[in-house]
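Chemist: Below: one structure in structure tokens.
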Amino acid sequence: MSWLTIRRGEAPLIVSVPHTGTAIPERFESSLVSVWRARKDTDWWIDRLYDFAEGLDATVVHTAISRTVIDVNRDPSGASLYPGQATTGLCPTTTFDGEPLYRDNVPNAAEIGERRQDYFVPYHEALAAEIARLRARHDHVVLYDCHSIRSVIPRLFEGTLPEMNIGTNGGQSCEPALSDAIASLAAASSFSHVVNGRFKGGWITRQYGKPGEGVHAVQMELACRSYMLEPVGPVGEDNWPAAYEAAYAEPMRGLLQRMLSACLQFAEARNTVRAKP
């Protein structure tokens, strides 16, 4: 599975990168309005922003498949994670702005089932396996789910999104001490933040965050302006995505490094490390 990358570390930290993929298998392209539109809602450059995670000996699970093909952070049953609010589904048919993704041949139930089996299931099998591997050695593990989104999307939320959106499924996916540590670092920075605001955590956070079983899950949804020169207003092929500029991204990158270090400290303070069998 060349599209699925797993970097195994030994620290009690797993970094999930589910939405930076831009790969769209050729068999799907002919039905799409455009490949650019299909990639519009990608979490641009998030894999580069967090590439320091390897230096923390974190485990990193990453898919190269575009979320337009299938969104591995949605309920596999197709149920909405945010009932009553606009969102996109397991196999999206519109962009976040409500634009149609397909000219024709919108995925039917059989096609969605195939995509789920081909791409969704392997990603989650990999996450579950890495959680089990690390839990065999550590009493507590942190699963940190990395995301980003444009700062202004009227269809999804009013006004301008805070720069850092910390989601813990309303406090259910981790111990309060973990989210408090992350929020404290955000509060001490120059970036705006909210905990369990518009984005409370997707399927990954909700499925795996079981603090009573030693797995603490947190979703971080960054507004794009926090780490890239995001255009103001509607975006098009001429200005989106904006380029990744390391100097511009560095303040956020440095803060994220401190946050992931805090995640490690949280886990290590609760752990009795067991020798490998």
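Where a number appears in this text, it was derived from the coordinates with a stated rule and is not lab data. It should be emphasised that the depicted structure is a prediction, and the values quoted were computed from it without experimental measurement. Here the Cβ is made from the backbone with ideal geometry for all residues, glycine too, and neighbour counts use every protein chain on show.
Chemist: Scan (1) closer than 20 Å to Glu250 by Cβ; (2) surrounded by 14 or more Cβ atoms within 10 Å (Cβ to Cβ) for the single condition Glu54 breaks and write down its number.
Modeler: (2)
Chemist: Might you check whether a residue that is small (Gly, Ala, Ser) and exposed (fewer than 14 other Cβ atoms within 10 Å of the Cβ) occurs anywhere in segment 59-74?
Modeler: No, the conditions are met nowhere in segment 59-74.
Chemist: Only one residue in Ile153, Ile131 is within 29 Å of Pro241 (Cβ to Cβ) and among the β-branched types (Val, Ile, Thr). Which one?
Modeler: One residue alone meets the criteria, Ile153.
Chemist: In addition: Quickly run through segment 79-121 and pick out the residues that are among the β-branched types (Val, Ile, Thr) and out of contact with any Leu (no Cβ under 8 Å at 6 or more places or on another chain).
Modeler: Thr88, Val106, Val121
Chemist: Return the total of residues in segment 9-30 being more than 19 Å from Tyr227 (Cβ to Cβ) and surrounded by 14 or more Cβ atoms within 10 Å (Cβ to Cβ).
Modeler: Residues in segment 9-30 being more than 19 Å from Tyr227 (Cβ to Cβ) and surrounded by 14 or more Cβ atoms within 10 Å (Cβ to Cβ): 8 in total.
So that you can scan it fast, the table gives a plain yes or no per residue for (1) surrounded by 13 or more Cβ atoms within 10 Å (Cβ to Cβ); (2) assigned to a loop (DSSP other than H, G, I, E, B); (3) among the hydroxyl-bearing types (Ser, Thr, Tyr):
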residue: Met220; (1), (2), (3): yes, no, no
residue: Ala243; (1), (2), (3): no, yes, no
residue: Ala247; (1), (2), (3): no, no, no
residue: Pro251; (1), (2), (3): yes, no, no
residue: Ala262; (1), (2), (3): yes, no, no
residue: Glu268; (1), (2), (3): yes, no, no
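Chemist: Could you please find all residues in segment 235-256 being of a type outside the set (D, E, K, R) and touching a residue at least 12 places away in the same chain (Cβ under 8 Å)?
Modeler: Val235, Trp240, Pro241, Ala242, Ala243, Tyr244, Tyr248, Ala249, Pro251, Met252, Leu255, Leu256
Chemist: Considering only residues that are in contact (Cβ under 8 Å) with a residue 60 or more places away in the chain and not β-branched (Val, Ile, Thr), look in segment 83-96 and name the one that is surrounded by the most Cβ atoms within 10 Å (Cβ to Cβ).
Modeler: Ranking the qualifying residues of segment 83-96, first place goes to Phe96.
Chemist: Starting from residues that are touching a residue at least 40 places away in the same chain (Cβ under 8 Å) and within 16 Å of Pro251 (Cα to Cα), keep the ones in segment 163-202 and report whichever is surrounded by the fewest Cβ atoms within 10 Å (Cβ to Cβ).
Modeler: Filtering first and then ranking leaves Ser190.
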